[in-house]
Every structure is written in structure tokens, then in C-alpha cells.
Amino acid sequence: MLKRVHKLTIHPYCFFVKQGQPFPESEARTGWVSIVDPYQLAAFINDVVTACALPAAILSFWVQRNNERENKERVIYESLSSSYDEFLRLVLQNPDLKLWTKEASRELSDEQEERLIVLFRLLASLFERAYLLTYSEQMTMAQARRWGSWDNHMRQWCRREDFRIRLPRLLRGDDPNFVAHLERLADEVLRDGS
């Protein structure tokens, strides 16, 4: 004897039946009964995996790329900071140049003047590298924070009269955008008197 069951299509690869339509007695179950073709089920699972895997792979690639970029920027910042620390050690090794004071070093011998120029040239070169590697018109918050520390260093040194006076000589041949930026900072510091 056959029972009546209703067919209800849920998905093209899988359909369900309910008691009320003809269905063989031996396979009848209470409530909903699923009849699935294994090949259709495999195709359905393949479609679901494909539909979910592509966006997941794109998201994973995007996250990994952002992490790599962040790590690269962090390594660059740490390298530049290490170079600035080395420069400060050189400043400490040359106390006669009085580079820790705000006033310009006066009455320097030729040898002292030469050391001062070399130190300032090293500093300008370091500032140029920092500008080229970390500055951008549009920055993330982390990038802006890293750049802000370099901007502060540049302003601090631009407050020194002897550094500002020597800027045209120090910046010869440097990147034009960097030169314009540092000269603008020097003008701001001079104008503000800070």
C-alpha cells in the first residue's frame, strides 16, 4: 500500500517530501523526508564551497597584504629611528659643537665647522629618507603618527639658527618636494618664533 506525500522543492539539487503524496511504504518516515541524489548533492556542495571560498580567499589575501604592508612600514620606521639614534650618539660625541642648545654654535674653528657641516648633512640626509619613505598626502592614522614624530624632529632642528642658515647648502641635490617641505617648516618655525 502507498501513502500520499507532498513534494516540496527547496533547491534544484535537493527536494523534500511530506506525508500526503504517494510514496513507497518501506521508505516512508514521519514528518519531512529527504530524497537526495548523491551527484546532485556533490554538485550543490561544490557550488556552495565555490561561492563561499572565493570571497574568503579575496578577504584573506587583502588582510595578508595589509599586514605585510604594515610590517614593512614598521620595519622602515624602526630602521629610520635607529639611524636617528646613531646620529644622536654622534651629537653626544661632539659636545664642543653645542648641538643640544637652541642657540647657534658661534666662533667655531675650521675643524669644528667641518664636523658641524658633516653632522648637519647626515641629519638632512636622514630627514630626506624619512620624508621619501614615510610621508604621503593621504596617510592612515598609524602612518600619520609615525610621520608626526619625524615632523617634530625636523621642527626641532629647524629651530636652530645655524641649521636653518645652512639649509640651502645642505639641501643641494635633494628631492625637490623634500626641499620645499623642509624650507616651509623652517619658515614656519622662524615666523612662529617657536
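The values are calculated or read from the model by the stated rules, or taken from the named source; none is laboratory data. All of these numbers come straight from a predicted model, not from anything done at the bench. No Cβ is skipped: glycine too gets one built from the backbone with ideal geometry, and neighbour counts run over all protein chains shown. Protein only, heavy atoms only, side chains kept; ligands, DNA and RNA dropped before computing areas. Shrake-Rupley method; radii C 1.70, N 1.55, O 1.52, S 1.80 Å.
If you take the alpha carbon atoms of region 118-184 and fit the smallest convex hull around them, that volume is 80 Å³ per residue.
For region 82-194, the dipole from Cβ point charges (+1 on Lys and Arg, -1 on Asp and Glu) about the Cα centre works out to 260 debye, to the nearest 20. Summarising the overall dimensions of region 67-194 from its C-alpha atoms, the Rg and Dmax are 15.2, 52 angstrom. Give me the distance between the Cα centres of region 146-194 and region 76-118, rounded to whole Å. So the separation of the two Cα centres works out to 15 Å.
So, with a 1.4 angstrom probe, what is the percent of accessible area on region 70-131 that is carbon and sulfur? Don't skip to the end; give the middle numbers.
Details: 2000 of 3840 Å².
Exposed carbon and sulfur together represent 52 percent of the surface.
Fully extending the segment from Arg65 to Ser136, taken as 0.36 nm per residue of separation minus the present Cα-Cα distance, adds 23.7 nm.
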